[in-house]
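Below is one structure; the comments refer to it alone.
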Amino acid sequence: LIEWTGLNGLPRFDLVKDDAFADGFAAALAAHEAEIDTIAGNPEPATFDNTIVALEIAGDELSRVSALFWSRAGANTNDTIQALERDIAPKMSRHYSKIGTNAVLFARIDALWEARETLNLSLEQTRVLERHWKGFVKSGAKLAKPEQDRLAAINETLAGLGAKFGQNVLADEKNWALFLEEDEALDGLPDFLKDAMAAAARERGEDGRFAVTLSRSIIEPFLTFSARRDLREQAFRAWVARGENDGETDNRGIVKETLALRAEKADLLGYANFAALKLDNTMAKTPDAVNGLLMQVWEKAVARAREEEAELAALIAEEGHNHAVMPWDWRYHAEKLRAKKFSFSEAELKPYFQLEKIIDACFDVAERLF
């Protein structure tokens, strides 16, 4: 997990075991904490090199373990990884809260920030110093101890809520399936989609049937090609209801608590709202700037969507139907409109996007770039 010995210094993914991550994180967190203590306890006066550069290169072991873990959690998760994710997310939050409120370390960074005009720093070095200084301030370095403790508790809770939110959506996506027989229920579906649905059904013990699942590789083409409007509606409603089900995986309470804690966090740090806090260290700077840009895009996007809606409604009428354009109709009729206007079908592209060809293309692009 830490000493990568694969090709070109990459990890040996075949040796990465799920049950090893807990010990890997424990070792990496301890190593990073020791590095932070060394930087903070340096008896020499603070310099850009012995403080900021040292912080930049500290935590390499933790970065390596984290890279492998979050890659697996995002792309190939399981019960072991999910249990560890619920444990490690708040643990990482506590770790970084402790660093962010290290008074001795912040004193060194703050001294450099106050003296930045006299340090002959490059533009890039000044920006790195600014990011570290602001990062510590946003971690509560300037707050009194009670407020620091409350901020750390908020961050830890938010980390746990974030992990739970994602796992709830994933659980709903994984657990829902609509099983179909090989009859008119498959009308309009191209072979590549029927093959994927048959494989999904086999994985669920329904050999010989076809499963509509909420994975994007199935739900999106199903909504695009299925001629069965009733089935499209059923699948679409399940897709948009992930995390909203009155059950164990309902995210509405998590969202409510998250918003309340974010507002409290922003208030503790002296910001008008959480958006202002998040944007402070970005190019946009303020929520007003972001909203100004978004509204320009929004107005044009809505106008274009209205034009497309009218075209789709006309196509529906041509087919002898009189229903409005609903969300589960949009992809299906947009594909038919594309075929009508441009003699083009997305299904024609699929043979060119096999996994092996995509991997070859990715490596080709990477070799050209790097």
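The values are calculated or read from the model by the stated rules, or taken from the named source; none is laboratory data. Everything numeric here is computed off the predicted structure, so don't read it as measured data. Because the Cβ atoms are built from the backbone with ideal geometry, glycine has one as well, and the counts that use them run over all protein chains shown. What goes into the accessible areas is simple: the full protein's heavy atoms, side chains included, and nothing from ligands, DNA or RNA. Shrake-Rupley method; radii C 1.70, N 1.55, O 1.52, S 1.80 Å.
So how many residues does the range 265-301 have that are of a type in the set (Val, Ile, Thr) and surrounded by 11 or more Cβ atoms within 10 Å (Cβ to Cβ)? Working first, answer last.
Step one: of the range 265-301, the residues of a type in the set (Val, Ile, Thr) are 282, 286, 290, 297.
Then drop every residue that is not surrounded by 11 or more Cβ atoms within 10 Å (Cβ to Cβ), which leaves 286, 290.
Qualifying residue count, the range 265-301: 2.
Among the listed residues 310, 324, which satisfies the condition of being open to solvent by less than 70 Å² (accessible area, probe 1.4 Å) and either in a helix (DSSP H, G or I) or hydroxyl-bearing (Ser, Thr, Tyr) (or both)? Before you say what the answer is, go through the steps one by one.
Working: 324 fails: either in a helix (DSSP H, G or I) or hydroxyl-bearing (Ser, Thr, Tyr) (or both).
None of the other options fit; the residue is 310.
Using beta carbons and a limit of 8 Å, which pairs, at least six apart or on different chains, have the first residue in the range 218-230 and closer than 9 Å to residue 186 by Cα and the second one open to solvent by 20 Å² or more (accessible area, probe 1.4 Å) and assigned to a helix (DSSP H, G or I)?
Pairs that qualify, where the first residue is closer than 9 Å to residue 186 by Cα and the partner is open to solvent by 20 Å² or more (accessible area, probe 1.4 Å) and assigned to a helix (DSSP H, G or I), are 226/332; 227/332; 228/184.
Quick check: is even one residue across the range 220-232 among the acidic types (Asp, Glu) and at pLDDT 95 or above?
First pass over the range 220-232, keeping only residues among the acidic types (Asp, Glu): 220, 230.
Retained after the next criterion (residues that are at pLDDT 95 or above): 220, 230.
Yes, there is a match, as at least one residue in the range 220-232 is among the acidic types (Asp, Glu) and at pLDDT 95 or above.
Can you list the helices (runs of 4 or more DSSP H) found entirely within the range 177-284 that contain at least 3 residues being of a type in the set (Asp, Glu) and closer than 30 Å to residue 351 by Cβ?
In the range 177-284, 191-203 are the helices (runs of 4 or more DSSP H) which contain 3 or more residues that are of a type in the set (Asp, Glu) and closer than 30 Å to residue 351 by Cβ.
For residues that are polar (S, T, N, Q) and open to solvent by 10 Å² or more (accessible area, probe 1.4 Å), scanning just the range 202-221, find the one that is nearest to residue 83 (Cα to Cα). Even if it seems obvious, please write down each step before you answer.
Just the residues of the range 202-221 that are polar (S, T, N, Q), to begin with: 213, 215, 217.
Keeping just the survivors that are open to solvent by 10 Å² or more (accessible area, probe 1.4 Å) gives 215, 217.
On the way: 215: 22, 217: 26 Å.
The extreme case among them is 215.
Taking the range 177-201 as the region of interest, how many residues are touching a Phe, Trp or Tyr at 6+ places or on another chain (Cβ under 6 Å), open to solvent by less than 20 Å² (accessible area, probe 1.4 Å) and under 11 Å from residue 228 (Cβ atoms)?
Result for the range 177-201: 2.
What is the number of the single condition among (1) open to solvent by less than 50 Å² (accessible area, probe 1.4 Å); (2) modelled with pLDDT of 90 or more that residue 339 does not meet?
All conditions are met except number (2).
Quick check: anything in the range 167-185 under 25 Å from residue 338 (Cα atoms) and either in contact (Cβ under 8 Å) with a residue 40 or more places away in the chain or of a type in the set (S, T, N, Q) (or both)?
Taking the range 167-185 first, the residues under 25 Å from residue 338 (Cα atoms) are 184-185.
The next check asks that each one be either in contact (Cβ under 8 Å) with a residue 40 or more places away in the chain or of a type in the set (S, T, N, Q) (or both); those that pass are 184-185.
Checking the range 167-185: at least one residue is under 25 Å from residue 338 (Cα atoms) and either in contact (Cβ under 8 Å) with a residue 40 or more places away in the chain or of a type in the set (S, T, N, Q) (or both).
What's the number of the condition residue 154 fails, among (1) in contact with a Ser or Thr (Cβ under 7 Å, 6 or more places away or on another chain); (2) of a type outside the set (Gly, Ala, Ser); (3) at pLDDT 95 or above; (4) open to solvent by less than 30 Å² (accessible area, probe 1.4 Å)?
Going through the list (1) in contact with a Ser or Thr (Cβ under 7 Å, 6 or more places away or on another chain); (2) of a type outside the set (Gly, Ala, Ser); (3) at pLDDT 95 or above; (4) open to solvent by less than 30 Å² (accessible area, probe 1.4 Å), residue 154 breaks only (1).
Has the range 53-70 got at least one residue that is at pLDDT 95 or above, over 27 Å from residue 147 (Cβ atoms) and among the polar types (S, T, N, Q)?
Taking every residue of the range 53-70 in turn, at least one turns out to be at pLDDT 95 or above, over 27 Å from residue 147 (Cβ atoms) and among the polar types (S, T, N, Q).
Looking only at the range 315-370, filter to residues that are charged (D, E, K, R) and in contact (Cβ under 8 Å) with a residue 60 or more places away in the chain; which one of those is nearest to residue 222 (Cα to Cα)?
Within the range 315-370, the subset charged (D, E, K, R) is 318-319, 329, 331, 335-336, 338, 340-341, 346, 348, 350, 356-357, 360, 364, 367-368.
From the residues that got through so far, the ones that are in contact (Cβ under 8 Å) with a residue 60 or more places away in the chain too are 329, 331, 335, 346, 350.
On the way: 329: 11, 331: 9, 335: 12, 346: 12, 350: 14 Å.
Taking the candidates together, the pick is 331.
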